[in-house]
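Only one structure is covered here, and it is reproduced in the block below.
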Amino acid sequence: MRLTMLRYLSFRSGNRAPHLRRPAAGTGAPPAPWLPRLRIISGLILFLYAGCHFTTHASGILTVTAMEATSGVLLVPWHSWIGQTALYGAFLVHVAIGLHSLYRRRHLRMPVAEAWQLALGLLIPVIVIRHAISVRLGDALYGLDDSYWRMLSGYWLPEAGINLVLQLLLLVMVWVHGCIGLHRWLRFKSWFRARSHGLLVAATLLPVLAVIGISVAGADIQLRAGAGDPRLAAETAIAPEVLAAAIPRLVGLVELLTFGYVALVAAVLTARLLRDAHARQFRAIRIRYAGHTTGGAGRPEDRVAPEDRVAPEDRVAPDERVAVVPRGYSVLEASLRARIPHASICGGRGRCSTCRVRILAGAGHLAAPDGVEAVMLHRIGAPADVRLACRIRPMGDVTVLPLIPAGDRAASVAASEPGGPSHGGLVGGAREAVVVALFVDLRASTRLAAERTAYDALYLIERYVDTVTDAIRRAGGRVTGIAGDGVMSVFGGTGATDDIPGTCAAALAAAAAIWDGVDLLSLELRHDLGAPLKIGIGIHLGPSVVGTIGMAEPRPIQFLGDTGNVAARLEAATKDHDCTVVMSDAVIAGIVAGGKGPAAGTLAAVPHRLLDIRGRDGVLPVRLVASRAMLDALRGIH
């Protein structure tokens, strides 16, 4: 370690030292609500710092002087007390939350990308500690400035040792870890999916340019050193006595902090083992699954991790499975731990009844249904012996019978993504959200088809559908279904929280674009149509479950619930009320909540009705929009 640090701090005849800038670097009970948000914020700060750092590296393609100039613009703010506080605070918070998440996991089975992110996250601090101590404390305690002249000399001159390898390794590890985290956070956002290819190119190009910049500048440093360049000597000069005093102290700090970090990680892993061992020995319970079927995913034993396989004496029937878990697990968590396929479309939040089981034995070990479970059981008219697997946490042995077959897809989820409910273990990444459904239908489509040959009618419908779907996608919506000339779409439901004003504004923007697009199409085909195309649009805001359906890739996004049905009914009402758009008052309220929308006088001029929607109790207040100018007024465009 001392020899490595000596090489890191000195080169040539021992009177020069490089100084580097530091790049950024199945659970149990759900985490506190603020922890995921704090993890994202700290990660974004570190990723921003890494981006500034890599951009500075990339400028080395020009000259070392260009790197210094770029550093003065991008990295100097990070050297202020505000920047240092944000950077080091974010690093400590991010590491602490990561270790907390590691401890909180019930097991370490996870998707490959998540495993890479975890492994890189644990390794990065080991290299960062060495780098940060040498650069930051070297500067603070001994005045060893961190110019790129010193840094590149410490990478490329023969005395540098493994410094270059470690720096490039750190660069790759930080960037891959950050990109995986960003992708897991943003992958369900519509704007991210629309721009994912460009972002992938940028995410790949930046570290490549950084490596090229370091290489080109390093070659320049080697040439200068070989020619005895006086500027290089002046920029990297350091008094031998300062170097002699710095090395022992900095080496000691690196060793101490590295040992402390490794011990902390080891303590977390040991605590997990002790916790699980204690739970298995003193608090373990058996959950028996009577008559459990695999849904065609192969033999159950083939999908069970070695530590969770069932002893022969625990199996009382050929089609019965047994999960031995610590007391406090829900039945659904036990299923996921033992790799037993178990249907659960809502991810274990009591929002659906697909995980329900019949209690065959051990009902006395279960608490009475809580509010969420009681509401769901009452809604489906369940008998007293039926419970939700995600809500019951047995305090003793129980025998259950899953009532909904898991099927192939749930089996594959159990086998490949055992993170469980607290990992967002929703089939297709579904979540409950407030969305806007927009349904568009072409009027008199049957007559239009009857007046033309089949191919001519197909061409007309295809142009119409292209116009509508393009307008929806450009406004940020997603097309979820096309049936002939009827197009259903959804806005919202992709973020961690619901942006109701933005979602409503996007849906109305799409309606305006569809209206304009169809008018333009009518003008373009006027010689063939005889009369302009007429459409009807229904728009409604309401709760839905948004997710992907099916096994094929890419899986189509769908939204389930009453919201889409209401939008279709509102579109049908446009014919009865001789208008183009019928939207619920909830959509208008969403626009107004964002500080936009119509003025009071304008809204009063828009016809208002109370519609009786089939299948819904009560009436729904709506607005009837008959002109394009009226739609703009409702959008707040005057």
| query | Given H placed 1.01 Å from N in the peptide plane, which residues other than close sequence neighbours of Ile535 have an amide H under 5 Å from its amide H? | reply | Arg443
| said: Under 5 Å between amide hydrogens, which residues at least 5 positions from Ala343 or on another chain qualify, with H placed 1.01 Å from N in the peptide plane? | reply: Ala406
| note | So, with points 7 Å from each Cα along the Cβ direction, the Thr270-Ser522 label distance in nm works out to 7.7 nm
| Two-site label geometry, His183 and Arg628: point separation in nm, points 7 Å out along Cα→Cβ | 4.3 nm
| request: Using θ = phi - 60° and the Karplus relation 6.51 cos²θ - 1.76 cosθ + 1.60, list the HN-Hα couplings for the stretch 513-529 in order, rounded to whole Hz, with x at every Gly or Pro. | output: 5, 5, 4, 5, x, 5, 4, 5, 5, 4, 5, 5, 9, 4, 6, 9, 7
| message | Based on C-alpha coordinates, I'd like the Rg and Dmax of the stretch 557-638, in Å. | response | 13.1, 39
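Using R₀ = 41 Å, calculate the FRET efficiency as 1/(1 + (r/R₀)^6) where r is the Cβ-Cβ separation of Ile41 and His577; round to 0.05. Before the final figure, lay out each step's value.
On the way: r = 48 Å, r/R0 = 1.18.
My answer for the efficiency is 0.25.
How much length, in nm to one decimal, is gained on full extension between Thr204 and Leu560, taken as 0.36 nm per residue of separation minus their Cα-Cα distance?
Stretched fully, the Thr204-Leu560 segment lengthens by 124.5 nm.
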| Under a point spin-label approximation (7 Å from Cα along Cα-to-Cβ), what is the Glu451-Asp612 distance to one decimal in nm? | 3.6 nm
| query | Based on the alpha carbon coordinates of the stretch 591-638, what radius of gyration and maximum Cα-Cα distance (Dmax) apply, in Å? | reply | 12.5, 37
| Karplus couplings for the stretch 327-337 from phi (6.51 cos²θ - 1.76 cosθ + 1.60, θ = phi - 60°), rounded to Hz, Gly and Pro as x? | 4, x, 5, 7, 4, 5, 5, 5, 4, 5, 4
| said: As an exercise, use a Förster radius of 56 Å and the Cβ-Cβ distance of Arg473 and Ala361 to find the FRET efficiency, rounded to the nearest 0.05. | reply: 0.55
| query | Arranged from highest to lowest average of other beta-carbon atoms within 10 Å per residue, in what order do the peptides 348-358, 83-93 appear? | reply | 348-358, 83-93
| field | Loop sites in the stretch 594-638: trypsin sites (Lys or Arg not before Pro), DSSP, at most 14 other Cβ within 10 Å | value | Arg614, Arg616
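Throughout, read-outs are computed from the coordinates displayed, never taken from laboratory work. These numbers were taken from a predicted model, which means no experiment stands behind them. Heads up, the Cβs are rebuilt from the backbone with ideal geometry, glycines too, and the neighbour counts pull from every protein chain shown.
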